[in-house]
Amino acid sequence: MKKFESFNSIVTPLDMINVDTDAIIPKQFLKSIKRTGFGNNLFDDWRYLDKDIEGSGRKDRKINHDFILNKKIYVDSKILLARENFGCGSSREHAPWALLDYGFQVIISSSFADIFTSNSFKNGLLLITLDKKIIETLFDKTKKENNLYLSVNLTDQKVFNDDITIDFEIDKFKKKCLIEGLDEIGLTLQKSNIIEEFEKKYYKKYPWLI
């Protein structure tokens, strides 16, 4: 998992509530357990006017130019601004995979579904939960300014630009894992010496298990 580093990005405003995981990455694209390759089909039903029911990956599809992700100004955005209950629905881990593969590193919302939250942090996607009033203010700024940029500093737990500074809360353990780039495998490997020592003693005591 990549280490999370501070960055600045334009904010993509997805002005919808209850965005579920099937909208984030539709079920027909869940054909791999690799973490890459899903970004092309992020929000597939909304990004395209035609359907790729079988997940064939056709490159001649009709773009929905009215959908926010298809606006040229947001092409390189790393921050997605969303409404409440983002990531509800099924528990598919492909949802954060798709968001990360597309290029998003941070999702800002007033609330997230529990399983989606767990899957996101385990894969290096930072979820920032803010009060609804603050979310509303940010959406208003995206409408008025049309190019809202924010800096994200996980170490200081701040989202800011020249006009605003917003503090956010995050679990200390999740913060540590994101900053150090540690997923569950990485955490386990930190104990590799202890594991190896246990195995030596275990197989010495029970050699017939080898």
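Each value in this text was obtained by applying a stated rule to the coordinates, not by laboratory testing. Everything numeric in this text was worked out from a predicted model, so none of it was measured. Cβ placement follows ideal geometry from the backbone for every residue including glycine, while neighbour counts extend to all protein chains displayed.
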Given charges at Cβ of Lys, Arg, Asp, Glu: the chain dipole, positive-most of SER110, SER56, ASN41: SER56
Residue order, fewest to most beta carbons within 10 Å, for MET1, MET16: MET16, MET1
Farthest toward positive dipole pole in the chain [+1 Lys/Arg, -1 Asp/Glu at C-beta], among PHE67, SER120, LEU150: SER120
Per-residue Cβ neighbour rank within 10 angstrom, fewest leading, ARG58, ARG83: ARG58, ARG83
LYS122-GLU197 FRET efficiency (beta carbon distance; Förster radius 35 Å; 0.05 resolution): 0.80
Which listed pairs, of LYS27/LYS122; LYS2/LYS51; LYS141/LYS175; LYS31/LYS176, have C-alpha distances above 30 Å, in listed order: LYS2/LYS51; LYS31/LYS176
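Relative to the Cα centre, what is the charge dipole magnitude of segment 7-181, using +1 at the beta carbon of each Lys and Arg, -1 at the beta carbon of each Asp and Glu, and rounding to the nearest 20 debye? Before the final figure, lay out the partial values.
On the way: 26 positive and 26 negative charges, 96 e Å.
Here segment 7-181 has a charge dipole of around 460 debye.
If you wrap a convex hull around the alpha carbons of segment 7-181, what volume per residue comes out, as a whole number of Å³? Intermediate results must be reported in sequence, preceding the final value.
Numbers: hull volume 19.4 nm³, N = 175.
It comes to 111 Å³ per residue, whole-number rounded.
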Local net charge near VAL106, Cβ-Cβ under 14 Å (Lys/Arg +1, Asp/Glu -1): +3
Spacing of the two label points (7 Å from each Cα toward its C-beta) at PHE7 and LYS31, in nm: 2.8
GNM result for the chain, Cα springs below 10 Å: residue of ARG47, ARG61, ARG92 fluctuating most strongly: ARG61
Candidates PHE67, PHE38, PHE139, ranked by Gaussian network fluctuation over the chain, Cα under 10 Å, top entry: PHE67
Residues ILE63 and ASN147, FRET efficiency given R0 of 22 Å [Cβ-Cβ distance, rounded to 0.05]: 0.55
Among ILE68, ILE33, ILE194: highest mean-square fluctuation, GNM of the chain, C-alpha pairs under 10 Å: ILE194
